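Just below is one structure, and these are the notes that go with it.
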Amino acid sequence: MKKIILSLAIAVAILSSGFTYAAVTNPSLIVKEAFSKEFAQIKDVKWDVVGRDGIYQANFTFNNENVQAFFTEDGEFLGTNRQISKPQLPILIARELDKSYPAADIRNINEYSMKDGLAYYITLMTPKGAMVIKAAGNGELTVRQRTK
Amino acid sequence: MAGLVLATVMFVNSAFAYKSETVNEKVQTAFNREFIQAKEVNWNRTDDYFKAVFKMNDIVLSAYYTEDGELMGIMRNLLSTELPINLQTSLKKEYSEYWISDLFEFARQDATGYFVKVENADQVVTLQSADGFNWSVFRKVKK
């Protein structure tokens, strides 16, 4: 249950630019070790704390892309987030987007990678307004936010 | 399941004998319905399936059909930087001494999988990922 709450917190953080971040210069050794275990090749990392839920966010560059990795204060690795472009979407999702929103303009795509699967948060601009869609790896699309 | 079998068979045996072919009406109709925006379509067939190679949104895709027009799967070749980020980082962590000789995404009706072949001087390892997060070893072959 705790993991679900934490995952939701991260999703909210991704979706909301107004989320509270606090810079952390020295996270606990447990968190640092968990990061090194997952990303041994990454040496240059900056840390933040997301919201009030004790989720640590590591910010680093991998293959010239900005990546965020999320950990609990106990050092549990929750997943990663990065911005991608439409050609990087899985085939099924790109196909469903073309079918369901042929006139939409894609403004932003976040790839959210967790242990229980991949999810993509896609911000679209349509003639009726902006919307955020969650896309699962199987191509299923769910509207998460609408703004006129 | 048939799609996964097809994907792995394609991966293990890349020396399939393809023949250029005029496709039957069932397959053509199914393809036209599924890929309205397809361009530069080329058809081939083996004894078991039809394969269409085409461009859509400037991406080269391959679609596989049974003789009855059932879509078995869609495949595209990838660069390692096009993999989901956790698959990239774990590949770099676990197989840093290997080079990638083949990498593709395979989509069935309801799921996406990733397949990679990595090699070093001694062996060829084929990995697959069904969840986009972890790799599992599908096959190891000594050179």
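The values are calculated or read from the model by the stated rules, or taken from the named source; none is laboratory data. Every value quoted in this text rests on a predicted model; they were computed, and no experiment measured them. Here the Cβ positions follow ideal geometry from the backbone for every residue, glycine too, while neighbour counts run over all protein chains shown.
For the stretch A:63-80, filtered to residues that are facing chain B (nearest Cβ under 8 Å) and in a strand (DSSP E or B), the residue that is farthest from A:Tyr121 (Cα to Cα) is A:Glu65. Residues that are more than 7 Å from every other protein chain (Cβ to nearest Cβ), in contact (Cβ under 8 Å) with a residue 24 or more places away in the chain and of a type in the set (D, E, K, R) within the stretch A:88-115 comprise A:Arg95, A:Glu96, listed in sequence order. Restricting attention to the stretch B:57-97, the residues that are in a loop (DSSP other than H, G, I, E, B) and either farther than 25 Å from A:Lys115 by Cα or facing another protein chain (nearest Cβ under 8 Å) (or both) total 10.
Give the stretch B:36-68 a look and list any residue that's in contact with a Lys or Arg (Cβ under 8 Å, 6 or more places away or on another chain), surrounded by fewer than 19 Cβ atoms within 10 Å (Cβ to Cβ), within 19 Å of A:Leu92 (Cβ to Cβ) and not charged (D, E, K, R), or say none. Selection gives B:Ala38, B:Phe54, B:Asn57, B:Ile59, B:Val60, B:Ser62. Restricting to the stretch A:40-62, count the residues that are modelled with pLDDT of 90 or more, within 14 Å of another protein chain (Cβ to nearest Cβ) and part of a loop (DSSP other than H, G, I, E, B). Of the residues in that region, 1 qualify.
Considering only residues of the stretch A:1-17 that are under 11 Å from A:Phe71 (Cα atoms) and of a type in the set (A, V, I, L, M, F, W, C), which is modelled with the highest pLDDT? Checked the stretch A:1-17; the qualifying residue modelled with the highest pLDDT is A:Ile10.
Based on this model, can you work out whether B:Phe50 counts as at negative phi and under 16 Å from the mean Cα position of the chain (by Cα)? Taking the combined requirement at face value, the residue satisfies it. Taken residue by residue, the stretch A:18-39 has at least one member that is within 23 Å of A:Thr142 (Cβ to Cβ), more than 9 Å from every other protein chain (Cβ to nearest Cβ) and modelled with pLDDT under 80. Against the definition (assigned to a strand (DSSP E or B) and within 13 Å of chain A (Cβ to nearest Cβ)), how does B:Phe133 come out, yes or no? Judged against the criteria, B:Phe133 is not a match.
For the stretch A:89-148: of the residues being among the hydroxyl-bearing types (Ser, Thr, Tyr) and either exposed (fewer than 14 other Cβ atoms within 10 Å of the Cβ) or at positive phi (or both), which is modelled with the lowest pLDDT? The residue in question is A:Thr147.
Among the residues of the stretch B:104-127, those that are more than 10 Å from chain A (Cβ to nearest Cβ), buried (at least 20 other Cβ atoms within 10 Å of the Cβ) and among the aliphatic types (A, V, I, L, M) comprise B:Val116, B:Val118, B:Leu127.
Limited to the stretch B:20-52, what total is found for residues that are part of a loop (DSSP other than H, G, I, E, B) and among the aromatic types (Phe, Trp, Tyr)?
Narrowing the stretch B:20-52 to residues part of a loop (DSSP other than H, G, I, E, B): B:21-24, B:35-38, B:46-49.
In the following step, the residues that additionally are among the aromatic types (Phe, Trp, Tyr) were identified as B:35, B:49.
Result for the stretch B:20-52: 2.
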